[in-house]
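Asker: Dumping the structure here so I can ask a few things about it.
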Amino acid sequence: MANILSIGQTALSAAQVGLTTTGHNIANATTEGYSRQVVVQNNRAGQQSNFGFLGGGTEVSTVKRIYNDFLAGQVLNSQTSQSAFSSYYTQVRQINNMFADSTVGVSPALQKFFEGVQNLASAPPASSGAARQTLISSAQTLAGQFQDIDSRLSELRDGVNSDIRTSIVSINSIATQIAKLNESIASVQASNNGQPANDLLDQRDKLVSDLSKEIKVTVAKQGSDYNVSIGNGQSLIVGGKTFELTPVVSDTDPQRLQVGYKANGSVISLAEVSISGGRLGGLLEFRSQTLDRVQNELGRIAISLASEFNAQHHLGLDLNGNPGGDFFKTGTPQVNASTRNTGNAQVSASITDSSTLTASDYRFEFVGPGDYRVTRMSDGAMTSAATVPMSVDGLNFEVASGSMVAGDVFLVKPTINGAGSFGVAVNNPANIAAASPVLASAVTANTGSGKISAGAVSAGFTPAEVTPAITLSFDKAAGQLNGFPALPVTVTSNGASTTYPAGAPVPYADGATFSFGNVSFTITGTPANGDEFTVGRNTNGIIGDNRNTVLLGALQTQKVLGNSTVTLQGAFGQMVSLVGNKTHELDVNIAAENSALEQAIAAQQSESGVNLDEEAANLLRYQQAYQAAGKVMQTASKLFDTLLSLGS
């Protein structure tokens, strides 16, 4: 009787455990991160008898959670990628929205500005005052657009810094909770003969899942512990110990927040490229791949516009007969010394050729005696020189004062301030240099049909080149022009150029362009013998002269960027296209990753998730088992009572 009763008791106990576990599953069917649990039963060893072995009932060996490491790993990977894409997309979409409206922003303002230049070039002298004021107003509008977009990009940069801080706080908090659970799980399981602490294990896996949304993690199991690492293998959690992350200011850029790693009492700044995945990885990638590039590119366009426009403006004369000054003002390269430098050098950088500027930052360092290096950060291209100054990509690097010590580093950001500091230097309409400083004309007494263009100047021109005025005379017998100054003369005819030494005879050709020093003009027709042409300073025709304005307007279609391969408008269009394409790319990637994540979660839940229909069936099964076990015990009790009655 005792054996039957004992078997009934084990069956009743097992059914009760089954009912409890099933109820627990049902209660947590919608609990995020919960893995369904199942009862693992074994039969008890039988008792030996003369006719064989009698069964000893059943026992519950453990309650096991259904968890698949491979499927869970797939969910973590998809979750990390999806979070990174979403973080990047949220940021880049804000830039895309800035450029989405074609009626506002830099591009239409740039178009309006050059329309103002063209209007001044074609305006009659009587109305040039209004056209000049309109040009200044359109220039101020353009400057405002450059400054506005740069300000919004700077706000985005500040927002990224804030989000980095928030993400680091979240990572540290989650890591601390995981480490505590490592200790709790080890303690609980050790005190319970190694039986799994299923609910604590689920909580830990849920925290790891949350951590993967912030940063890509690698999980290694060691006994009952989870050891978690990030980046290039930096340990974040080892058993019950955590290694904190902390926001640190870049050594070479006080406006740039980086991720620091605390270890052995010191803080190491982690390379941005080593941190991938999750919200933090997406933020860092957005900043380095899009935000930096867009703000630098916007500055490059502003600097190039100011440089090219100012250079041509300098070659003109204003209404007072003075050479043109700067029309625009813009920022200069920003140079940041590393906080780790031990030398006292002051390094300066200046732009020598805006047409070869890139949108990259540069690292200038002193490796040792006779070894200065400049590294273009966008692609790692390195240029070395034994001495300074040294020039790279239209930039001049030099040590302004002090001396560098081996290992000293400076970060040079050539164009970062270009758009934010872009402004209009000319406020008085009379100071617009619309006229050309030279004026060439044919003498009224000439008898031939020769005509001379008004003349033009190039960079480097000084009034001394045509002071006093130069008079050229035509020698019909020799077919040449005489009277050129003691300078080499270049004659360009039908696309071919020939340079004649100073004092050498200069042959005449109909339609040829003649150049000496920084002055050029074209003569057409057939001059008569002795006909004269004068080339001198423009002193009388300034008010009605818009020749320099025509050249200023031509800058709109000239290829002044990218080693003279792209126009200002084209460069801005490329920047807008870059942002638009990246936004679209991320949109597509997010949709694909969302689908992959849904599939990974579905695969995991198909194995680890709670199926209420299945649990309802289990509930009925365990209920019946419980009732049957009760019948067994009831039968054993009646049999025992029968034996007792026989004895009485």
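Asker: Run the reach check for Lys559 against aspartates and glutamates, Cα to Cα strictly under 20 Å, same-chain hits fewer than 8 apart removed. What comes back?
Answerer: The reachable aspartates and glutamates, counting only those whose Cα sits under 20 Å from Lys559, are Glu115, Glu297, Glu308, Asp353, Asp393.
Asker: Given a Förster distance of 60 angstrom, what is the FRET efficiency for Lys631 paired with Gln222, based on the Cβ-Cβ distance and rounded to 0.05?
Answerer: Given R0 = 60 Å and the Cβ-Cβ separation, E is 0.80.
Asker: How large is Rg over Rh for region 1-112, taking Rg from the Cα atoms and Rh as the Kirkwood inverse mean of 1/r across Cα pairs?
Answerer: Dividing the radius of gyration by the Kirkwood radius yields 1.53.
Asker: Okay, moving on. Cut-off is 10 Å between beta-carbons; in what order do Leu578, Leu284, Leu646 appear when sorted fewest neighbours first?
Answerer: Leu646, Leu578, Leu284
Asker: Another question about this same structure. Using only Cα atoms, tell me the angle between helix 292-314 and the longest principal axis of the chain; keep it within 0 to 90° and round to the nearest 10.
Answerer: Its long axis makes an angle of about 10 degrees.
Asker: Right, another one. Determine the sum of side-chain charges near Thr471: Lys and Arg each +1, Asp and Glu each -1, restricted to other residues whose C-beta is under 12 angstrom from that of Thr471.
Answerer: -2
Asker: Take peptides 263-276, 80-93, 436-449 and line them up by average Cβ neighbours within 10 Å, highest first, as a rough protection proxy.
Answerer: Ranked by mean Cβ neighbours within 10 Å, highest first: 80-93, 436-449, 263-276.
Asker: Just want the answer: with Cβ charges of +1 for Lys and Arg and -1 for Asp and Glu, which residue in Ala616, Thr526, Ile174 is farthest toward the dipole's positive end in the chain?
Answerer: Working it through, the farthest residue towards the positive pole turns out to be Ala616.
Asker: Excluding same-chain residues fewer than 8 positions from Lys216, which lysines have a Cα within less than 24 Å of its Cα?
Answerer: Those lysines meeting the cut-off are Lys180, Lys206, Lys241, Lys262, Lys582.
Asker: Relative to the present Cα-Cα distance, how much length would full extension add between Ser137 and Val188 at 0.36 nm per residue of separation? Before the final figure, lay out the partial values.
Answerer: On the way: separation 51, 0.36 × 51 = 18.36 nm, distance 7.59 nm.
Here the answer is 10.8 nm.
Asker: Turning to a different aspect of this structure: So which aspartates and glutamates pass the test for Lys631, namely a Cα distance under 17 Å, with those fewer than 8 places away in the same chain ruled out?
Answerer: Asp641
Asker: Can you work out ³J(HN,Hα) from phi for every residue in region 110-124, in order, using Karplus 6.51 cos²θ - 1.76 cosθ + 1.60 and θ = phi - 60°, giving whole Hz and x for Gly and Pro?
Answerer: 5, 5, 5, 4, 5, 5, x, 5, 5, 5, 5, 5, 9, 6, x
Asker: Return the sequence-ordered ³J(HN,Hα) values of region 19-26 in whole Hz as given by the Karplus equation 6.51 cos²θ - 1.76 cosθ + 1.60 applied to θ = phi - 60°, using x for Gly and Pro.
Answerer: 5, 5, 5, 5, x, 5, 4, 4
Asker: Compute the Cα gyration tensor for region 294-424, then decide on rounded, prolate or oblate, letting a ≥ b ≥ c be the square roots of its eigenvalues: rounded whenever a/c is under 1.5, prolate when a/b is larger than b/c in the other cases, and oblate in all that remain.
Answerer: prolate
Asker: While we're on this one: Which net charge results when you count Lys and Arg as +1 and Asp and Glu as -1 among the other residues whose beta-carbon is under 13 Å from that of Asn119?
Answerer: Residues near Asn119 contribute +1 overall.
Asker: Separate question: I'd like the Karplus ³J(HN,Hα) series for region 415-422: coefficients 6.51, -1.76, 1.60, θ = phi - 60°, whole numbers in Hz, and an x wherever there's a Gly or Pro.
Answerer: For region 415-422, the Karplus-derived couplings read 10, 4, 9, x, 7, x, 9, 5 Hz, x marking Gly and Pro.
Asker: What FRET efficiency comes out for Ala381 versus Glu614 if R0 is 60 angstrom and r is the Cβ-Cβ distance? Round to the nearest 0.05.
Answerer: Here the calculated transfer efficiency is 0.45.
Asker: Past the 38 angstrom mark, what percentage of all C-alpha to C-alpha distances in the chain do you count? Kindly include the intermediate steps, with their values, before the conclusion.
Answerer: On the way: 123276 of 209628 pairs.
Roughly 59 percent, once rounded to a whole number.
Asker: Arranged by the count of other C-beta atoms within 10 angstrom, fewest first, what order do Ile543, Ile452 take?
Answerer: Ile543, Ile452
Asker: Please check which bits of region 452-480 a label hung off Thr526 would reach, taking the label as a point 7 Å along Cα-to-C-beta and the cut-off as backbone N under 18 Å.
Answerer: Answer for region 452-480: 452, 474-480.
Asker: Right, another one. How much length is gained if the chain between Ile66 and Asp371 is pulled fully straight, taking 0.36 nm per residue apart and subtracting their Cα-Cα distance, in nm to one decimal?
Answerer: Fully extending the segment from Ile66 to Asp371 adds 103.6 nm.
Asker: To the nearest 20 debye, what charge dipole does region 294-424 have about its Cα centre, counting +1 at the Cβ of each Lys and Arg and -1 at the Cβ of each Asp and Glu?
Answerer: Once rounded to the nearest 20, the dipole reads 260 debye.
Bear in mind that the values in this text are calculations on the coordinates, not laboratory data. Quick caveat: nothing in here was measured; it's all calculated off a predicted structure. When we count neighbours, we look across all protein chains shown, and the Cβ atoms used for this are built from the backbone with ideal geometry, even at glycine.
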